[in-house]
Amino acid sequence: MNRRTIPAFGMSAVGQGSLRQQGITVTSLTDTVRDPGRLQPHYHDFFQLMLLQGRGGVMHDFRDYEVRGAMLLFLAPGQVHALRPRPGFTAQILSFTQAFFDFNAPPPSALFELPFYDPAASASHLRLPVRALPPIVEVFAAMAQEFRAAERGAAEALRAWLRLLFVRIARVVEVQRGPEDRPTRAAGLVRQFQLAVERHFRDERPLSAYAKELGISPNHLNDVVREEVGQSAGSLIRARRVLDAKRSLSHSDLSVSEIGYQLGFADPSYFARFFRRETGSSPAQFRAAIREKYQAE
């Protein structure tokens, strides 16, 4: 079997290089298919937002989704993804760096306050009802025109349009949630826990350390998490470690032992047992299967 890794791609070389150098491009599926490799599984070190319309497929971090109608796809750095277009399928693609979005704003980035780029969130896509589509399409079209023209002040205009787009998307999210799904105190606690997991998942950190950081008891933390998401707090920690392991097994040619060390496992055999227990296959079996699948596609 070909031992190739999943490639990392930079921003598409479309349009004005000066805007790309500042961290923003606005492209389409037409631009993407000029390089067929971009339709295969790959990842980026920047963010993307795609407006997908028609019928097709999406793979996002080893999960497959069908596109029917209109859908927004949110991609953060490191997430493995691929498009599977069918006849009539279209995609408008915004690529941007965190530095472009933040500009001179102090940390933490406002990106991670958005419900769709929250690193603790599980949702990677948003299906758009017909009535919600025109305001979103309007901004994508305006950004495409601004990017093509590349006139003086284009970067500032694109940054403003991008923020307006996020406001409009957030409104759609709020409508789809409904009044019964408004954030609660418990949901806020779970989000704080998930963000803490995002910071520390590579450490061998007991649940009690997370609970102490949040100022509550381990039992209370576990009860709240289970009530909100239907899983134990420990299962969320393990799931995040497994996802990082899957990405490393797919992205790199590091050995299984090296990936285990990278994830904070001092004993490679313990890492292998952990991965098999959580996924049903060994790290080597997963690596072979996922690469065979990608090559077949």
Original post:
Can you name the number of the only condition in (1) out of contact with any Ser or Thr (no Cβ under 8 Å at 6 or more places or on another chain); (2) assigned to a helix (DSSP H, G or I); (3) in contact (Cβ under 8 Å) with a residue 24 or more places away in the chain that F286 fails?
Top reply: (1)
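When only residues in segment 49-66 that are in contact (Cβ under 8 Å) with a residue 60 or more places away in the chain and on the phi > 0 side of the Ramachandran plot count, which is farthest from the chain's Cα centre (by Cα)?
F62
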Original post:
What are the residue pairs meeting all of these: first residue in segment 233-252, first residue closer than 15 Å to P283 by Cβ, second residue of a type in the set (D, E) and part of a helix (DSSP H, G or I), Cβ atoms under 6 Å, and 6 or more apart or on different chains?
Top reply: R238/E278; V242/E278
**OP:** Give the residues of segment 125-178 that are charged (D, E, K, R) and more than 19 Å from E113 (Cβ to Cβ), sorted by residue number.
**Re:** R127, R131, E138, E146, R148, E151, R152, E156
Original post:
Is it fair to say R63 is farther than 16 Å from S250 by Cβ and surrounded by fewer than 18 Cβ atoms within 10 Å (Cβ to Cβ)?
Top reply: no
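Restricting segment 133-163 to residues that are of a type in the set (D, E) and free of Cβ contacts under 8 Å to residues at least 24 places away in the same chain, which is surrounded by the fewest Cβ atoms within 10 Å (Cβ to Cβ)?
E151
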Original post:
Could you say which residue among R273, R241 is exposed (fewer than 14 other Cβ atoms within 10 Å of the Cβ) and either in the same structural domain as R191 (by TED's automatic domain parsing) or at positive phi (or both)?
Top reply: R273
Subject >> The lone exception for Q21 - which of (1) in a helix (DSSP H, G or I); (2) surrounded by 17 or more Cβ atoms within 10 Å (Cβ to Cβ) it fails >> reply: (2)
Subject >> Selected residue (criterion: nearest to F112 (Cα to Cα)) from residues of segment 28-83 that are among the β-branched types (V, I, T) and part of a loop (DSSP other than H, G, I, E, B) >> reply: V80
Subject >> Condition check for F140: modelled with pLDDT under 95 and either among the small types (G, A, S) or in the same structural domain as D64 (by TED's automatic domain parsing) (or both) >> reply: no
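The values are calculated or read from the model by the stated rules, or taken from the named source; none is laboratory data. On a predicted model such as this, the values are computed, not experimentally measured, just so you know. Here Cβ is always computed from backbone atoms with ideal geometry, including for glycine, and neighbour counts include all displayed protein chains.
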